[in-house]
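Below you'll find the structure, written out as C-alpha cells, and then a few comments.
Taken together, the values in this text are just the output of simple stated rules run on the coordinates, not laboratory data. Just so we're clear, the structure is a prediction, and the values are computed from it rather than from any experiment.
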Amino acid sequence: MTLSPYHLITFLHSDDKIISLTFHDGPNPKSTPQLLKILDEANIKATFFVVGKMVEKYPELLKEIHKRGHQLANHTYNHKNLKTLSTTEIISELSRTRLLIKEITGVDEYLYTPPGGQYNSRVIKEANSCGYKMALWSVFPEDHRNPPPVIYEKVVSNSRDGSVVLLHNGPPDTIDALPKIIEKLKARDFRFTTLSELLTQGKGKHIVYPRD
C-alpha cells in the first residue's frame, strides 16, 4: 500500500535555528505545573501531546497549558498500541481525545502521536481519513529510563535546525534535566517554538515511511 509520505512528521528542514520541544503523556498533577514553570521562566512555548483519560481527570491542567500559550495535541485516549486495535477503536482513541480538547479549550487539533511510536500503514490510513496528521520526532533521549545527565547529553548532542524533541510529562529526571537543556540550546542560538509553528516555517519534511 502506498501512502503520501507527508502524513508523517519527524523534523523540518529550516535555514533558521528553530527547535520544538514536545511533551508526551499527561496532564500530570505533579509534573505539568513544574514543566509550565520552567517553560515560563525560559519564555518559550512547547507542544503537549495529551492522553484523553488524563485530560478527563485533570481538565484544569489542560486549560492551564492552553492559557500559557502552549500547543495541545493528541496522544490517544487510553495510550494503547494502535497497531493492535480495530479500525473503530483507532478512530475512537483519537476522536475521544480530540473532542475532550475541543470541549475544554475550544482548540480543534489535528496532530497526533501514536503511543510508543507504534504505527503501520493501516493506522495512518484510518487516522488520515478523519483528518489527523501523525507527528513523530527526531530526538528522543529515553527520558523515561535515563538519568538527567544522559537526557541532557542526548538532547544537546543530537539537536539541529528543525529538530522535534520527544520528552515525557511525568518523569522527575526530565524535570531536572530540562532547565540545563534549554540553557545550552539557547546558548547555541536555538529558538524554541511549537510544532505547528515549526510546520509553517520548515521547507521540507523528513520522511518516515509506514511500517507494516
Item to check | Amide H within-cut-off set for Ile18, under 5 Å, with H built and near neighbours excluded | outcome: Gly162, Arg191
Next on the checklist: Tell me the Kirkwood radius of segment 91-212: reciprocal of the mean inverse pair distance over distinct alpha-carbon atoms, in Å.
Outcome noted: 16.2
Checklist entry - Which whole-Hz ³J(HN,Hα) couplings does segment 76-92 yield from phi under the Karplus relation 6.51 cos²θ - 1.76 cosθ + 1.60, θ = phi - 60°, glycine and proline marked x? => result 6, 8, 9, 6, 9, 5, 5, 5, 8, 9, 6, 4, 4, 5, 4, 4, 5
Next on the checklist: Please compute, for the alpha-carbon atoms of segment 12-104, the extent along each of the three principal axes and give them in descending order in Å.
Outcome noted: 41, 34, 21
Checklist entry - Of the cross-linked pairs Lys30/Lys67; Lys37/Lys133; Lys63/Lys184; Lys133/Lys184; Lys37/Lys57; Lys53/Lys133, which ones have a Cα-Cα span greater than 26 Å in the structure shown? => result Lys37/Lys133; Lys63/Lys184; Lys133/Lys184
Item to check | Helical mean residue ellipticity (222 nm; -39500 (n - 2.57) per DSSP H run of 4+; nearest 500) of the chain | outcome: -13000 deg cm²/dmol
Item to check | Nonlocal amide H pairs with Ala46, under 5 Å, H built at 1.01 Å | outcome: Gln71
Checklist outcome for this item: The ³J(HN,Hα) series, computed from each phi in segment 146-155 with the Karplus coefficients 6.51, -1.76 and 1.60 at θ = phi - 60°, rounded to the nearest Hz and given as x for glycine or proline, is 9, x, x, x, 6, 4, 4, 5, 5, 5
Checklist outcome for this item: Semi-axes (Å, rounded, descending) of the ellipsoid equivalent to the chain per its C-alpha gyration tensor are 25, 21, 16
Item to check | Backbone HN-Hα couplings from phi across segment 189-197 [Karplus 6.51/-1.76/1.60, Hz, Gly and Pro as x] | outcome: 6, 6, 10, 8, 8, 6, 5, 4, 5
